[in-house]
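K.L.:
Input: one structure, supplied below.
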Amino acid sequence: KNEVEQSPQNLTAQEGEFITINCSYSVGISALHWLQQHPGGGIVSLFMLSSGKKKHGRLIATINIQEKHSSLHITASHPRDSAVYICAAGGMCFGNEKLTFGTGTRLTIIP
Amino acid sequence: DAGVTQSPTHLIKTRGQQVTLRCSPKSGHDTVSWYQQALGQGPQFIFQYYEEEERQRGNFPDRFSGHQFPNYSSELNVNALLLGDSALYLCASSSIGLAHTDTQYFGPGTRLTVL
């Protein structure tokens, strides 16, 4: 069993739909990271959170430490949101410690 | 302000050869982490360098080694290449000592193909 699991693996939705990607982890962490990876490989850090909820534009990330679960939501989805979204668990002490990654969710938004 | 840079962008090697990949961290960062991402998989942690020493290491064989220079840049070396070493190698920078960051900033990656 992977230490970090994401669902779904693939998600296709129509433009404008509300998107939810889930992440469960079994390791102790100091922070949970959400990252976006576009074709070609570049990874962009979207959020780092250790409790509660963060919002940036149309993106919202939540975490429940007791349940070891995090969600990434995208409101009013757009084709440019199409990418692979990866959650990663940060180390026990600091978020800059080694990251343990999920396998990613491939999101495709159809115009 | 340049972000994390990696070189080369692409590399093709044959089995048994050795390869060196390079990473320059974001300005103000002192810590470099290396990850291997096989096709269709999430990245796997190789090791992390801070103060020119290996600080943490993932589950990779000794064929994978690294180095960090006084200017905080880093190299990843892989000896005796195997077909299974074909992957995207990602470098991420952060800061422990200079100005602590929890976020890691990723470079564009080096795509290694082993034939």
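The values are calculated or read from the model by the stated rules, or taken from the named source; none is laboratory data. Only a predicted model underlies this, so the values are computations on that prediction, with no experimental measurement involved. Virtual Cβ from ideal backbone geometry, glycine too; neighbours counted across all protein chains shown. Ligands, DNA and RNA are stripped out before the accessible areas are found, and what is left, the full protein with its side chains, is counted by its heavy atoms. Shrake-Rupley method; radii C 1.70, N 1.55, O 1.52, S 1.80 Å.
K.L.:
How do A:80-87, A:41-48, A:61-68 rank on mean C-beta neighbours within 10 Å, highest first?
P.N.:
Numbers: A:80-87: 20.4, A:41-48: 18.8, A:61-68: 14.9.
Ranking the peptides A:80-87, A:41-48, A:61-68 by packing returns A:80-87, A:41-48, A:61-68.
K.L.:
Chain A: percent of C-alpha pairs farther apart than 25 Å? Write down the numbers at each step before the final one.
P.N.:
Values: 928 of 6105 pairs.
I get 15 percent for the Cα pairs in chain A exceeding 25 Å.
K.L.:
Dipole of chain B, Cα-centred, from +1 at each Lys and Arg C-beta and -1 at each Asp and Glu C-beta, to the nearest 20 debye?
P.N.:
Details: 8 positive and 10 negative charges, 102 e Å.
So the magnitude is around 480 debye.
K.L.:
If R0 is 35 Å, what FRET efficiency do you get for B:Arg22 and A:Glu3 from their C-beta distance, rounded to 0.05?
P.N.:
Values: r = 30 Å, r/R0 = 0.85.
Given R0 = 35 Å and the Cβ-Cβ separation, E is 0.75.
K.L.:
Using only the Cα atoms of the stretch B:1-75, what do you get for the radius of gyration and for Dmax, in Å?
P.N.:
12.9, 38
K.L.:
Which residues in the stretch B:59-81 have a backbone N closer than 18 Å to a point placed 7 Å from the Cα of B:Ala2 along the Cα-to-Cβ line?
P.N.:
B:68-76
K.L.:
Also: If you place +1 on the Cβ of every Lys and Arg and -1 on the Cβ of every Asp and Glu, how big does the dipole about the Cα centre of chain A come out, in debye to the nearest 20? Could the numbers behind the result be given before it?
P.N.:
Values: 9 positive and 7 negative charges, 34 e Å.
Magnitude of the dipole: close to 160 debye.
K.L.:
Short version: ³J(HN,Hα) in whole Hz for each residue of the stretch B:26-37, in order, from phi by Karplus 6.51 cos²θ - 1.76 cosθ + 1.60 (θ = phi - 60°), x for Gly and Pro, what are they?
P.N.:
Here the 3J(HN,Hα) series is 4, 4, x, 9, 10, 10, 10, 10, 10, 10, 10, 10 Hz.
K.L.:
OK, next. For chain B, what % of the accessible area comes from carbon and sulfur atoms, probe 1.4 Å? Can you show the working numbers first?
P.N.:
On the way: 2630 of 5360 Å².
Carbon and sulfur together cover 49 percent of it.
K.L.:
Then there's this: For the stretch A:18-67, give the percent of accessible area contributed by carbon and sulfur heavy atoms, probe 1.4 Å, rounded to a whole number. Kindly include the intermediate steps, with their values, before the conclusion.
P.N.:
Numbers: 1270 of 2400 Å².
Solvent-exposed carbon and sulfur of the stretch A:18-67 make up 53 percent of the total.
K.L.:
With each pseudo-label sitting 7 Å past Cα toward Cβ, what's the B:Ala80-B:Leu115 distance in nm, one decimal?
P.N.:
Distance between the two pseudo-spin positions: 2.4 nm.
K.L.:
Over the stretch B:52-95, what lengths in whole Å, largest first, do the semi-axes of the equivalent ellipsoid take, defined as the square roots of 5 times the eigenvalues of the alpha-carbon gyration tensor?
P.N.:
Details: eigenvalues 86, 27, 22 Å².
They are 21, 12, 10 Å, listed largest first.
K.L.:
In whole percent, what relative contact order does chain A give with Cα contacts below 8 Å and a gap of six or more residues? Working shown, then result.
P.N.:
Numbers: 283 pairs, mean separation 41.4, N = 111.
Rounded, it is 37 percent for chain A.
K.L.:
Another question about this same structure. Grab the beta carbon distance between B:Phe69 and B:Thr9, set R0 = 25 Å, and tell me the FRET efficiency rounded to 0.05. Please list the in-between numbers first.
P.N.:
Details: r = 21 Å, r/R0 = 0.83.
Efficiency, from the Cβ-Cβ distance: 0.75.
K.L.:
Run the numbers on the stretch B:35-115 and let me know its relative contact order in percent, using alpha-carbon pairs under 8 Å that are six or more apart.
P.N.:
Reported relative contact order: 25 percent.
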